[in-house]
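The values are calculated or read from the model by the stated rules, or taken from the named source; none is laboratory data. Just so we're clear, the structure is a prediction, and the values are computed from it rather than from any experiment. Virtual Cβ from ideal backbone geometry, glycine too; neighbours counted across all protein chains shown. Surface accessibility is based on the protein's heavy atoms, side chains included, excluding ligands, DNA and RNA. Shrake-Rupley method; radii C 1.70, N 1.55, O 1.52, S 1.80 Å.
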Amino acid sequence: MGDLGSAAARGAAVTFAAQLARVALQMGSIVVLARLLAPEQYGLMAMVLVFVGVGEVFRDFGLSTAAVRAATVTHAQRSNLFWINLGIGAALGVTLVVAAPLIGLLFDEPDVVPVARGVAAVLLLNGLATQYRADLVRQMRFGALAAADVGAQCVAIGAAVGAAWAGAGVWALVLQQVLQAFVLLCMLVGTGRWRPAWPRRGVPMREFWHFGWNLVASQLLGYLGNNIDSLVIGWRLGPAPLGLYDRGYKLVMTPVSQVRAPSTTVALPVLARLRDEPARFAAFVSRGQLALAYPVMLGAALLVGTAAPASLLLLGPGWSGVEPVVRLLATSALMQTLAYVGYWVYLTCGLTPQLLRFTVVTIAVKVVLVLVGSQWGVVGVAAGFTLAHTLEWPLSIAWLSRLAPIDGRGLARGAIRVLVLGGAVAGAAHVASGLVDGPWLATLAGVGAGLGAVASMLVVPRYRADARDVAEVLRRAVVGRSRGRGRSR
């Protein structure tokens, strides 16, 4: 795709490298902090973060995405967006402080009140950072953005581990949240090449508000749907089961989210430039699905197959009962990823009203299945959550094929190949891990068998072609990056 393809490839390379670092940091923090903190303490933080996440959706209000996809953004518009996000963040932070006792009443857990008030500062700090981040994305300065994300996370995790070691309990997790937001803000402001002016009237803002309102409504529903499991567990079962579920969720979703979310950062500006070229647009979406789904499939399938020894190895003996949760949520992670590329298309094509309607349907299904599953505890909740995302994938393809220039059948065929390979990997890993004693050896045996299944499936021509496509994405990323360095000299 010429210079645009090279820019996307360089962005993908930088973003992927940064995500590897972030996954390593986050997984390291999960492993270490799980041995220093109790499930109840994680449960308290999980209760608070459900509401912080709602605030984050409103705090952004879809305005960062609106700024990225807009054909042009003037300095006055960007400045107005900055002050809007700051005002929303400040208002939400104050609201969380005032409403903290209500959260305690909802969960019948008074210890959650000071935790909520401590984390409220995150909303203000992220409000300040929103348009600085959007500006870096718009300029495709993925290296600067990655450095800020990784640096902030590294500082915050180090501080949290030190505080937990010193006996700070749940306040180590509060420190991690607030310090990460503060360091990230400082790095984004220092890296950004603009300073906001005072807000002005008469600046055209209607397009941003219209796009943002529809997007924030769908994002809010999506967030509530994705967190209905935590709400139900905290409300019906209490902080300890919620802490157990939360660690299983983080163990699975931490690496997956670090792959998926940045893929949108890279894909959105590229697809925005391909809106008037339907064939190239569809080709990018199809290739993007494979490049995103195969790596996620491999990790998810290996985790499904080795859930028992891997959970013991990573979380320690104090987290018994997490194994079936891990298996189910790893399956859910893959199904979510297959449907994720549709989110790129909705945003790029400005289909936020349609995204809102689709989200309403899928959330309704998820709420029903999670509530029904909660009758069987945390495992039942995980099963309902996974089934909902399994149903969402085919519905997403069918829905979006009527609205945008995508190859629905090609996307479905590619997804089926990913699922078949994932089943082979998970089965081989499960059998091999069950033949060996000890968490280290069992996990290694399962991983080895799963990778062997991948190698054996490459005898199929279609899988070899997919492997070449994924390898081509990586090759272009490396070549594009090296050429960019050569030009900079």
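Do we find a residue being hydrophobic (A, V, I, L, M, F, W, C) and within 21 Å of the chain's Cα centre (by Cα) anywhere in segment 199-206? No: zero hits.
Please go through segment 373-400 and pick out each residue that is touching a residue at least 60 places away in the same chain (Cβ under 8 Å) and either of a type in the set (Phe, Trp, Tyr) or outside any helix (DSSP H, G or I) (or both). Selection gives PHE385 alone.
For segment 437-457, taking the residues that are open to solvent by 70 Å² or more (accessible area, probe 1.4 Å) and not charged (D, E, K, R), the one that is nearest to LEU302 (Cα to Cα) is identified as LEU451. Among the residues of segment 320-334, the ones that are crowded, with 21+ Cβ neighbours inside 10 Å and assigned to a helix (DSSP H, G or I) come to 10 in all. When segment 304-313 is limited to residues that are open to solvent by less than 30 Å² (accessible area, probe 1.4 Å) and in contact (Cβ under 8 Å) with a residue 40 or more places away in the chain, the one that is farthest from SER29 (Cα to Cα) turns out to be GLY305. Annotation note: of VAL341, VAL370, the sole residue that is under 27 Å from ILE228 (Cα atoms), in contact (Cβ under 8 Å) with a residue 12 or more places away in the chain, part of a helix (DSSP H, G or I) and touching an Asp or Glu at 6+ places or on another chain (Cβ under 7 Å) is VAL370. Residues of segment 397-419 being among the charged types (D, E, K, R) and in contact with a helix residue (DSSP H, G or I) (Cβ under 8 Å, 6 or more places away or on another chain), which ones? Listed by number, the residues that qualify are ASP407, ARG417.
Looking only at helices (runs of 4 or more DSSP H) that fall completely inside segment 92-197, which ones have 2 or more residues that are small (Gly, Ala, Ser), surrounded by fewer than 19 Cβ atoms within 10 Å (Cβ to Cβ) and modelled with pLDDT under 95? Spell out how you get there, then give the answer.
Details: elements: 112-119, 121-138, 142-165, 170-191.
So the answer is 142-165.
Number of residues in segment 371-410 that are within 22 Å of the chain's Cα centre (by Cα) and under 16 Å from GLN336 (Cα atoms) equals 17.
Residue under question is VAL31, and the condition is that it be modelled with pLDDT of 90 or more and of a type outside the set (D, E, K, R); does it hold?
Values: modelled with pLDDT of 90 or more: no; of a type outside the set (D, E, K, R): yes.
No.
In this structure, is LEU403 at pLDDT below 85 and either aliphatic (A, V, I, L, M) or assigned to a loop (DSSP other than H, G, I, E, B) (or both)? In short, yes.
Does any residue of segment 258-266 turn out to be under 23 Å from ARG402 (Cα atoms) and either touching a residue at least 60 places away in the same chain (Cβ under 8 Å) or open to solvent by 10 Å² or more (accessible area, probe 1.4 Å) (or both)? Before the answer, list the steps.
If we filter segment 258-266 for residues that are under 23 Å from ARG402 (Cα atoms), which is where we start, we get 264.
Within this subset, residues satisfying the condition of being either touching a residue at least 60 places away in the same chain (Cβ under 8 Å) or open to solvent by 10 Å² or more (accessible area, probe 1.4 Å) (or both) are 264.
The answer is yes; a qualifying residue exists.
What do you reckon, is GLY448 part of a helix (DSSP H, G or I), modelled with pLDDT of 90 or more, under 30 Å from LEU391 (Cβ atoms) and not aliphatic (A, V, I, L, M)?
Working: part of a helix (DSSP H, G or I): yes; modelled with pLDDT of 90 or more: yes; under 30 Å from LEU391 (Cβ atoms): no; not aliphatic (A, V, I, L, M): yes.
It is false that GLY448 is part of a helix (DSSP H, G or I), modelled with pLDDT of 90 or more, under 30 Å from LEU391 (Cβ atoms) and not aliphatic (A, V, I, L, M).
Listed here are the residues, each with its yes/no results for (1) of a type in the set (S, T, N, Q); (2) in contact (Cβ under 8 Å) with a residue 60 or more places away in the chain; (3) over 24 Å from ALA412 (Cα atoms).
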| residue | (1), (2), (3) |
| --- | --- |
| ARG273 | no, yes, yes |
| ARG280 | no, yes, no |
| LEU292 | no, no, no |
| LEU315 | no, yes, yes |
| VAL345 | no, yes, no |
| CYS349 | no, yes, no |
| THR362 | yes, yes, no |
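Only a single criterion out of (1) closer than 20 Å to GLY305 by Cα; (2) surrounded by 16 or more Cβ atoms within 10 Å (Cβ to Cβ) is not satisfied by GLY434, namely (2). Only a single criterion out of (1) at pLDDT 85 or above; (2) of a type in the set (A, V, I, L, M); (3) surrounded by fewer than 18 Cβ atoms within 10 Å (Cβ to Cβ) is not satisfied by VAL203, namely (1).
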